[in-house]
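Enquirer: The structure that follows is given in the form of structure tokens.
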Amino acid sequence: QVQLVESGGGLVQPGGSLRLSCAASGRTFSTYAMGWFRQAPGKAREFVAAISRSGISTSYTDSVKGRFTISRDNAKNTVYLQMNSLKPEDTAVYYCNSGSYYGGSYSESNYWGQGTQVTVSS
């Protein structure tokens, strides 16, 4: 069992920045990869970024490459998503997930946080 709690969302102007956090508990954090997903109103949930167990390997969806950075602190059982140069189309509920990561591909598990709202608007 893994429990995940996201935080750090909010309202930000276009071009602004936010850092999301996801605190994990229940299993040894360094034994699983982590991913961030998002769901905009009326749309399916989509993959945003993933990071391997060690933090060495990462992957991103094309629309956020160069703007978002995923990182993790295994000592704090936390994964982060630094979001810069935010655009209105980044508006969504952001979720973290624990899963597996092999060959640059992330596989999600059934463990999800409750989500945190990010709204990019002037």
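Enquirer: At a 1.4 Å probe, what is the % contribution of carbon and sulfur to the accessible area of the chain?
Expert: Carbon and sulfur atoms account for 46 percent of the accessible area of the chain.
Enquirer: For the stretch 55-104, what is the accessible area per residue in Å², given a 1.4 Å probe and the full set of protein chains?
Expert: 48
Enquirer: Still on this structure: For residue 87, go through the lysines and keep the ones whose alpha-carbon is under 27 Å away, minus same-chain ones fewer than eight residues off.
Expert: Leaving aside lysines fewer than 8 places away in the same chain, those within reach of residue 87 are 43, 65.
Enquirer: Report the Stokes-Einstein translational diffusion coefficient (µm² s⁻¹, integer) for the chain, Rh taken as the Kirkwood radius over Cα pairs, at 25 °C with viscosity 0.890 mPa s.
Expert: The diffusion coefficient I find is 173 µm²/s.
The values are calculated or read from the model by the stated rules, or taken from the named source; none is laboratory data. If you're wondering where the values come from, they're calculated on a predicted model, not measured in any experiment. Quick note on the areas: whole protein, heavy atoms, side chains included, nothing else; ligands and nucleic acids left out. Shrake-Rupley method; radii C 1.70, N 1.55, O 1.52, S 1.80 Å.
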